[in-house]
1. Quick check for you: with a 1.4 Å probe and neighbouring chains kept, what is the accessible area per residue of the range 28-70, in Å²?
2. Hey, which aspartates and glutamates would be in cross-link range of LYS174, C-alpha to C-alpha under 16 Å, not counting anything within fewer than 8 residues on its own chain?
3. Of all accessible surface on the range 206-282 at a 1.4 Å probe, what whole percent is carbon and sulfur?
Amino acid sequence: MTALRQSMSTLFAAGGLRVHYQPVIDLENGQVVGMEALVRLLDGAGEILAPARFLSFLSVDERRALTRAVLAQAVQDVATWEAAGFPLSVSVNVEPELLTHDACLHCLTEIIGPSGIDPGRITLEILENGDFLSIASARQRLLEIKATGVRLALDDVGSAYSSLLRLKELPIDKIKLDQSFVRELARRPDNLHFVHSLLGLAQGLGVGFVAEGAETPEILDALSALGVSQAQGYAIARPMPAAEMLSWLRAYTPAPYRGPKSLLGLYACHLRFSDTMKTLLMQVPMIPAAILAEIAAVSPVSGHVASLGLGISPIAQAYFRYQEAMAAISVDMAAKKPKLTMIDEASALFLERIREALGG
């Protein structure tokens, strides 16, 4: 262990640091809105090491120096991209314990100030795990950091519970969903319920929301259908060095979202629609049944069931039952509860049929 620690420290001291970038896109219009800077280490054999391979072997001072170096490189690359016609923002990961040191503030002003880059285009991503966010002084420290003009994001949201309880108290601009909830969506589509809940939390707090781990087109499709605003993952691009990223940006063509192209996307689309309808029915219970039936018939879900060529499949039949349940709602206030239960049951059946088709 000691030898490995010395080896990693030597590689870092010898200039083995490499910074790769992964783009973040707006899921509605397909535009690239920013980058996440991801640290890598080049070993003696020319292999690029991911953080899990070396970060724990660096001392606190080395990790602090590492963060400073990544920030400096990221600011430089942002300036290069802007000069090339791509005015993007960039986020840099920061371990929570490093924020307690006064050197953090000095680092921000010393690096960002002379660069001429708007500090608002720099985001510090703070890991949700750890004790820092639960201590009383965390909010004040974060406010001091925000006073420099940089933005703050809470990373890996969902991996810890304590910071979620304090989220409304913390001066956070954006939350990034832990990719473990996203990568498994094809196998566990029910995770979309959790993603939807956290998305609603972010919207209620007025902060941005980014889903990491969009590794396949189907997952990207589902996140778009759910209404997630931004995402990153292999389905968009793998992390790459800055020079390659510039070439990628020049070749990239944004694709606006046009609706679900997969069953997983259909699942997400219905989840979003049915929750909206349920909220509407709870708030405005006197909507005429004929209008509700028309809404169900012309809903985005109805059109996508047809566009996916589901014909008279069990999925299509289950959606027809959902439409029937919508049409059966009475304006009688006394019948509101059982009618909503009937809609819930029909909605659950529709989602179950999709899960069955997905093999889940």
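1. 47 Å²
2. By straight Cα distance, LYS174 reaches ASP26, GLU36, GLU125, GLU128, ASP155, ASP156, GLU212.
3. Carbon and sulfur together cover 56 percent of it.
The values are calculated or read from the model by the stated rules, or taken from the named source; none is laboratory data. Fair warning: this is a prediction, and the values are worked out from it, not measured in the lab. For accessibility, only protein heavy atoms count, side chains too; no ligands or nucleic acids. Shrake-Rupley method; radii C 1.70, N 1.55, O 1.52, S 1.80 Å.
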